[in-house]
Amino acid sequence: MRIVRIAIIIFILGAGFPVFSQDKPVTEATKANIGFELMKNLDIYSNLMKELSTDYVDVINPGQLTETGIDAMLESLDPYTNFIPENQVEDYRFITTGQYGGIGALIHQQGKYVVISEPYEGSPAQKAGLKAGDKIIRINGQAAVNKTYDEVSAVLKGQAGTVVKLVVERSTSSDTMVKEIIRENIKIDNVPYSGMLKDSIAYIKLTGFTQNASREFRQAFINLREKNTVKGLIIDIRGNGGGLLTEAVEIANIFVEKGQEIVSTKGQKADKNQQHLTSSAPVDLVVPIIILVDSQSASASEILAGSLQDLDRAVVLGQRTFGKGLVQNVVPLSYNAQMKITVAKYYIPSGRCIQAIDYSHKNKQGTFDKIPDSLIREFKTKHGRKVYDGGGISPDVKAVERQFSNLALALYNKFLIFDYATLFERTHPSIAGPDKFEISDSLYNDFLIYIKDKDFKYTTRSDQALEKLRKEAEKEHYYDGIKSELDQLQSSMDTDKKEDLKKYRDQVQELLKADILGRYYFQKGKIIGTLKTDPLLNEAFSVLRDSARYSGILAGKFSQPDNSLPGSVEEELHSKDGQ
């Protein structure tokens with residue numbers, strides 16, 4: 001069957017589907033040639049499938065073969081142009097609406113089990129009594145053990161109003177429980193938390209740009225302003241991968257005048273060349289704003305941060321953003337399938353496009369390169385500050401991306417922190433509020449006792465460097481002469497690693513605190529629990545308290561070298577998804 005797949009891919013990819021840069025106009029002659037090539041290759045493909053169906057030695061699956069060919073063809077374009085078969089349409093609806101039919105819980109794969117990571121607050125899963133750590137044993141009478149994450153996820157999702165019957169096993173008991181849960185339309189909030197911090201600074205965490213994101217954000221800001229004296233605003237879009245362009249425009253509109261261009265789009269078709277202007281009166285034109293960003297802030301997040309930076313309306317603080325300056329539309333296909341297709345590039349008010357990778361050309365290795373420094377251009381903000389295209393939004397105040405130790409990552413990725421938090425919740429009916437709860441010495445020591453007999457072997461960067469030295473020494477025939485020294489060095493390093501649980505206690509307890517808080521106070525509690533120790537928030541306070549510095553940054557009078565601040569803790573380190 002592998003030969004068949006290769007044959008189809010060759011016909012689809014190799015027989016004439018040229019890819020053109022969006023920056024180059026397509027002539028009428030080129031369009032005519034594309035039309036001819038399209039019809040020719042569709043005819044070839046149709047005949048090929050007919051021959052395979054009648055002559056191939058085994059019975060073929062036309063649907064599977066076609067999907068394989070489509071996926072391979074689209075891989076030659078950008079990663080955002082995707083085929084969406086009918087059975088995946090619900091997942092893509094969630095991306096744009098923030099809604100899906102399901103039980104309302106995060107899940108993850110843990111060995112042969114799919115485990116509840118966290119039920120959403122107020123969800124059917126929570127109301128049915130599901131808890132983090134529950135292992136899913138059966139679903140609707142079918143075994144779920146040894147099933148993959150994707151297989152279980154697909155069964156848990158479904159039309160609102162339908163019933164799903166789960167058999168789960170709780171870690172504190174070998175007995176199983178039966179839970180009959182009525183699926184609902186689950187709505188994920190774009191603003192999971194907003195509140196007042198010290199110095200009369202308002203804080204809004206924005207995690208998505210699905211439908212109604214601007215309404216949620218506007219209401220959160222208005223509520224904070226009506227109930228408090230707001231001397232500054234911090235908008236946190238770290239980890240926000242984007243969403244709907246129009247929602248980013250509406251949120252920017254809260255802080256800039258009506259009729260201001262926030263973003264424009266340019267594509268091959270004239271109808272994709274559009275200006276997106278603010279359409280309403282602003283809510284606040286004077287409150288100082290800090291926008292927190294990181295390397296995972298992308299797409300609509302970059303439109304919001306970049307437009308307010310270009311208009312000198314906000315100071316951007318954090319790490320360089322992802323660099324996605326492409327616009328996608330979802331178009332319907334036959335038999336309820338869909339296609340998400342890149343139709344344009346977007347440009348923020350200064351005129352720059354922040355797309356980091358050139359998907360119109362492949363290098364000799366068959367991969368795509370970042371736009372080279374030689375092609376990066378300078379632009380100006382509203383008040384004349386220098387900004388640049390070609391690779392995300394460069395923050396006005398820069399931070400180093402935080403690196404967790406391999407010890408902390410091993411404890412997290414092997415679910416030892418998760419499993420301890422599960423056991424902790426079973427034996428502690430309540431804890432202090434999320435703004436007061438801390439990991440005490442006794443709690444941390446109890447965690448150390450818990451993991452004492454657990455396997456969490458990990459390799460440090462020093463281990464990796466030493467292993468590389470061994471291999472190079474063997475190649476160059478030095479190894480026999482230095483083997484004893486290398487062994488002694490390894491022994492010393494192993495001894496030092498025993499102290500890592502003390503050395504990296506701050507990292508371990510930070511992750512432990514977030515997981516425990518999630519058991520009692522859900523996502524909102526995790527966010528509140530990290531606010532006091534977030535170094536980027538402390539720097540944001542510093543900038544907002546110093547009006548001369550804030551104004552000077554926006555006037556281009558203050559500059560700061562890279563790597564001047566520590567980054568923030570990454571909230572999610574292993575894959576989870578909503579069901």
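Read-outs: derived from the displayed coordinates by stated rules, not from any lab. In this text, all values refer to a predicted model and were calculated from it rather than measured experimentally. Backbone-built Cβ (ideal geometry, glycine too); neighbour counts: all protein chains shown.
Cα to Cα, under 22 Å, and not fewer than 8 places away if on the same chain: which lysines meet these conditions relative to Lys50? Output for Lys50: Lys40. Estimated from helices alone, the mean residue ellipticity of the chain at 222 nm is -12000 deg cm²/dmol (sum of -39500 (n - 2.57) over DSSP H runs with n ≥ 4, per residue). Stretching Asp284 away from Lys436 to a fully extended chain increases their span by 51.5 nm, per 0.36 nm per residue minus the current alpha-carbon distance. Distant-in-sequence amide contacts of Gln110, defined by a placed amide H-H separation under 5 Å and a gap of 5 or more residues or a different chain, comprise Val115. Neighbour counts of other Cβ atoms within 10 Å put Asp446, Asp199, Asp453 in the fewest-to-most order Asp453, Asp199, Asp446. Straight-distance candidates among the lysines for linking to Lys452, with alpha-carbon spacing under 17 Å and chain neighbours fewer than 8 residues away dropped: Lys414, Lys497, Lys498, Lys502, Lys503. Think of the chain as having a plus end and a minus end, set by charges on the Cβ of Lys, Arg, Asp and Glu; of Ile371, Asn47, Leu416, Ile371 sits farthest toward the positive end of this dipole. Projected label points at Ala29 and Thr54, each 7 Å from Cα along the beta carbon direction, are separated by 4.0 nanometres. Under a Cβ-only charge scheme (Lys and Arg +1, Asp and Glu -1), can you give me the dipole magnitude of the chain about the Cα centre, in debye to the nearest 20? The calculation lands at about 960 debye. Taking 7 Å steps out from each Cα toward its Cβ at Ile182 and Ser492 produces label points 6.8 nm apart. Taking a straight Cα-Cα cut-off under 18 Å and skipping sequence neighbours fewer than 8 places away in the same chain, the lysines within cross-link reach of Lys380 are Lys557.
Subtracting the Cα-Cα distance of Leu469 and Tyr388 from 0.36 nm times their residue separation leaves 25.1 nm of extension gain.
In this simple spin-label approximation, Ser46 and Asn146 carry label points 7 Å from Cα along the Cα→Cβ vector, and these lie 4.5 nm apart.
Considering only lysines 8 or more places apart in sequence, or on different chains, count the pairs in segment 99-187 whose C-alpha atoms sit under 16 Å apart. Lysine pairs, 8 or more places apart or on different chains, close enough: 15. Neighbour counting of Cβ atoms within 10 Å sorts the residues Lys324, Lys502, Lys266, fewest neighbours leading, into Lys502, Lys266, Lys324. Remark: Ser117, Ser394, Ser279, Ser442 ranked as Ser442, Ser279, Ser394, Ser117, counting other beta-carbon atoms within 10 Å and listing the fewest first.
Fully extending the segment from Lys231 to Glu75 would add 51.3 nm, taking 0.36 nm per residue of separation and subtracting the current Cα-Cα distance. Among the listed values [x] 65; [y] 27; [z] 36, the one computed from these coordinates for percent of Cα pairs over 41 Å apart is [z]. What is the local net charge at Gly232, summed over the other residues whose Cβ is closer than 9 Å to its Cβ (Lys, Arg +1; Asp, Glu -1)? Net charge in that neighbourhood comes out at +1.
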